[in-house]
Amino acid sequence: MTIFEVSLSPFVGFVILAHINYKLFKKMKKIFILSLLSVALTNLYAQQTGTIKDNDKLTKIALDFHEDYATNKHELWDEMLNDDAEVHVNNSKMTGKEVKEAFKSHHTIFNNIEIIDAYAHTNYFSGGENKGDTWTNSWFTWTGTGNVTGIGYSNKAHFDFQWEKGKVIKMLCFFDTTALNMEVAANK
């Protein structure tokens with residue numbers, strides 16, 4: 001008889017299988033407990049810090065800013081952006097009054113200005129270091145044609161608006177200024 005032909009009684013075979021299953025059960029139990037602990041800790045540290053809305057009043061105003069700018073009205077900008085608001089256009093710091101004048105001047109440099117593919121949502125922070133803050137984020141594509149060069153431009157942009165008492169008190173604007181710089185240079 002070879003080593004592989006050993007005959008075991010049914011009781012001994014049952015005991016061996018029970019022992020193997022017990023060891024597997026203990027390992028599976030440890031894995032299950034570790035997984036459960038991991039999920040619990042993840043949820044503990046992933047605290048909700050606010051609410052995001054894309055159909056609220058402030059989001060609608062941010063989207064209306066784009067139309068107000070593109071049609072060269074600037075009435076909504078004058079009403080909603082405080083003159084003393086802190087505005088950052090890329091790395092340049094300006095006041096609300098200065099940025100409103102700059103936006104109005106775009107219509108003397110470009111024609112056929114449009115804002116397309118606009119999307120916005122508003123963050124209402126309820127925890128963390130931004131607790132109580134309200135920010136609207138907007139992404140869009142600016143298009144226009146240079147009055148001097150006749151070149152058509154398309155430029156992706158991102159604006160952030162911080163709100164207080166229904167007015168914009170801080171604004172961050174991120175976009176490539178190449179088209180603006182080219183047209184200003186061509187106007188000299």
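Only the coordinates and a few stated rules stand behind these numbers; no lab work does. Only a predicted model underlies this, so the values are computations on that prediction, with no experimental measurement involved. Here the Cβ is made from the backbone with ideal geometry for all residues, glycine too, and neighbour counts use every protein chain on show.
One chain, two ends: residue 125 and residue 73. Fully extended at 0.36 nm per residue, the span grows by 15.5 nm beyond their Cα-Cα distance. Taking the number of Cβ atoms within 10 Å of each Cβ as an exposure proxy, the fewest-first ranking of 69, 124 is 124, 69.
Counting charges near residue 104 (Lys, Arg +1; Asp, Glu -1) among other residues having Cβ under 13 Å from its Cβ returns a value of -2. Using a cut-off of 29 Å between Cα atoms, the listed pairs 104/131; 60/156; 53/167; 93/167; 60/188 include 104/131; 60/188 as exceeding that distance. Using C-alpha pairs below 8 Å separated by at least 6 residues, the relative contact order for the stretch 60-188 is 23 percent. Under 20 Å from a point placed 7 Å out from the Cα of residue 145 along the Cα-to-Cβ direction: which residues of the stretch 107-121 have their backbone N that close? Answer for this model: 107-117. In this rough spin-label picture, where each label sits 7 Å from Cα along the Cβ direction, the residue 64-residue 101 distance is 2.7 nm. Over all pairs of different C-alpha atoms in the stretch 50-186, the reciprocal of the mean inverse distance, the Kirkwood hydrodynamic radius, equals 15.4 Å.
Sequentially through the stretch 147-153, phi angles give Karplus couplings (6.51, -1.76, 1.60; θ = phi - 60°) of 5, 8, 7, x, 7, x, 10 Hz, Gly and Pro residues having no value and appearing as x. With the simple spin-label model, which puts each label point 7 Å out from Cα in the Cβ direction, the residue 117 to residue 53 separation comes to 2.8 nm.
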